[in-house]
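Report on the following structure.
The values are calculated or read from the model by the stated rules, or taken from the named source; none is laboratory data. Just so we're clear, the structure is a prediction, and the values are computed from it rather than from any experiment. Here the Cβ is made from the backbone with ideal geometry for all residues, glycine too, and neighbour counts use every protein chain on show.
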Amino acid sequence: MRKLRFFSLLISMILIMASIVGCVSPASTSPNLASAADLMVGVNSNRVSGKSASDEFIANMADFSIDLFKRSITANKNSLISPLSVTLALAMTANGADNETLSQMEALLGGDIPLDDLNEYLKAYVTALPSLEKSKLSIANSIWFRNENERLSVLPTFLQKNADYYDAAVYSAAFDSQTVKDINNWVSTSTDGMINKILDEISDIHLMFLINAVVFDAEWLHVYDKSNVKDGIFTDVLGNNGIIDFMHSTEYNYLYDDTATGFIKAYAGGAYSFAALLPNYDVPIDIYIESLTGEKFMSIIGNASNETVFTSMPKFEFDYDISMINALSDLGMPDAFKDDKADFSKMAITADDVLYISNVLHKTYISVDELGTRAGAVTMVAMAGTGAALDPKVVNLDRPFVFAIIDNSTNLPIFIGTLMMV
């Protein structure tokens with residue numbers, strides 16, 4: 001107990017001296033929090049330069065993005081994930097991992113890139129992503145931990161690293177019903193109201209939450225006017241036909257491979273684009289998605305040809321949520337979710353608890369219409385302890401197509417999804 005009090009005092013002293021500045025492109029102003037104590041008011045983070053994206057970093061990000069997308073689809077439903085949001089939330093979490101848990105998370109997120117280097121790459125990549133007047137991209141990160149010092153003492157080195165590389169705000173809270181409201185308020189504020197909440201309740205097992213929010217709000221470079229919107233028939237994944245609004249335009253970036261065709265449509269400012277891939281009539285959407293790899297996706301986008309394309313695209317809007325536990329375990333980091341194998345000893349000192357990830361909850365929203373696209377994503381990593389009773393909760397173009405919002409500088413998907421029905 002004396003050791004825990006020492007570390008609590010040490011944390012307080014370091015947090016007074018350390019600093020966290022706002023995210024490079026903050027999602028919004030700070031939310032109004034009723035009870036959570038913001039430990040970063042008036043302090044500065046260490047300046048880190050980051051590393052410019054290498055070919056290896058881009059290839060690894062592409063592989064992870066497509067692999068995660070393929071394992072995060074719900075059959076016969078519209079699906080959408082933000083690989084960037086998941087990557088940032090997990091990278092923050094990995095800074096508290098050690099031994100085999102760290103090795104698995106490093107291999108999944110960075111391939112052969114060590115976590116220290118991955119932090120540098122992600123810092124530079126996120127900083128370089130532009131947020132323009134008509135193409136807004138905002139990113140926010142936060143860490144919330146239970147303020148019961150007898151159970152948990154978060155290590156200052158863990159907080160400092162996430163301050164330096166991810167501009168993470170840090171809050172100490174009671175983890176009661178008011179904390180649920182505060183976290184949901186942070187989520188809503190950080191996603192411009194597109195995602196109103198991430199939590200319904202907090203269990204006794206939960207000791208920490210690491211949350212990322214991404215907002216994309218962009219106008220088309222060439223918006224659709226009323227004369228471009230006409231009724232059309234969309235055949236959904238179950239073979240049902242429905243009459244909906246289709247937006248018609250002429251584009252000049254044609255996508256093609258042996259099993260699909262598509263197009264790229266630019267957003268204002270030239271930093272981001274919308275890409276659509278329509279499988280051939282004889283290729284079921286699930287078979288096409290299964291055939292995708294990071295390399296194949298990047299090749300299709302990178303080899304877009306300058307040709308006139310007459311396009312039609314349905315207006316659509318939907319939200320989606322999924323627990324990422326199974327997908328991430330299948331992709332190679334199972335130990336983090338096992339209370340008898342997880343090692344997050346670089347994150348905190350606990351009295352009787354063993355820290356492990358109880359859930360990685362991902363929620364998204366997208367709206368595509370005549371003016372442009374609004375999309376939001378939240379990823380929450382829930383850290384639990386074994387010292388309390390275990391009570392985990394898991395919250396689980398004329399036809400279906402794959403779509404992505406891509407960063408034009410790297411062609412990496414910031415959001416990627418599939419429209420199965422409207």
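Under 29 Å from Y272 (Cα atoms) and at pLDDT 95 or above: is that true of D117 in this structure? When the stated conditions are applied, D117 passes them. Restricting segment 293-329 to residues that are among the charged types (D, E, K, R) and not in a strand (DSSP E or B), the residue that is farthest from the chain's Cα centre (by Cα) is E307. Scanning segment 320-372 for residues that are of a type in the set (K, R) and in contact with a Leu (Cβ under 8 Å, 6 or more places away or on another chain) gives a single hit, K346. Selection of segment 122-141 for residues being under 20 Å from L109 (Cβ atoms) and part of a strand (DSSP E or B) yields I139, A140, N141. In the set P392, P413, only one residue is within 30 Å of E100 (Cβ to Cβ), at pLDDT 90 or above and not assigned by TED's automatic domain parsing to the domain that holds E56; that residue is P413.
Would you check if there is a residue in segment 46-59 being buried (at least 24 other Cβ atoms within 10 Å of the Cβ) and among the hydrophobic types (A, V, I, L, M, F, W, C)? No, that holds for no residue. For segment 48-56, does any single residue satisfy the condition of being modelled with pLDDT of 80 or more and within 13 Å of P413 (Cβ to Cβ)? Looking for residues that are modelled with pLDDT of 80 or more and within 13 Å of P413 (Cβ to Cβ), one finds none in segment 48-56, hence no.
When M17, M40 are checked against the criterion of being surrounded by fewer than 15 Cβ atoms within 10 Å (Cβ to Cβ) and modelled with pLDDT under 95, M17 stands alone in meeting it. Within segment 342-369, the set of residues being within 16 Å of F69 (Cβ to Cβ) and either surrounded by fewer than 19 Cβ atoms within 10 Å (Cβ to Cβ) or not basic (K, R) (or both) comprises V360, H362, T364, I366. Number of residues in segment 160-181 that are farther than 15 Å from V381 by Cβ, out of contact with any Asp or Glu (no Cβ under 9 Å at 6 or more places or on another chain) and among the hydrophobic types (A, V, I, L, M, F, W, C) equals 1.
Does N162 meet the test of being assigned to a helix (DSSP H, G or I), in contact with a strand residue (DSSP E or B) (Cβ under 7 Å, 6 or more places away or on another chain) and under 14 Å from A89 (Cα atoms)? When the stated conditions are applied, N162 passes them.
On the given criteria, is L371 farther than 30 Å from E219 by Cβ, out of contact with any Gly (no Cβ under 6 Å at 6 or more places or on another chain) and not assigned by TED's automatic domain parsing to the domain that holds P413? In short, no. Restrict the check to segment 150-157 and report whether at least one residue is part of a helix (DSSP H, G or I), of a type outside the set (G, A, S) and in the same structural domain as I58 (by TED's automatic domain parsing). Scanning segment 150-157 turns up at least one residue that is part of a helix (DSSP H, G or I), of a type outside the set (G, A, S) and in the same structural domain as I58 (by TED's automatic domain parsing).
For segment 373-386, does any single residue satisfy the condition of being of a type outside the set (S, T, N, Q), more than 25 Å from A62 (Cβ to Cβ) and surrounded by fewer than 21 Cβ atoms within 10 Å (Cβ to Cβ)?
Within segment 373-386, not a single residue is of a type outside the set (S, T, N, Q), more than 25 Å from A62 (Cβ to Cβ) and surrounded by fewer than 21 Cβ atoms within 10 Å (Cβ to Cβ).
Report, by residue number, each residue of segment 330-341 that is surrounded by fewer than 19 Cβ atoms within 10 Å (Cβ to Cβ) and outside any loop (DSSP other than H, G, I, E, B).
Within segment 330-341, just D330 meets the criteria.
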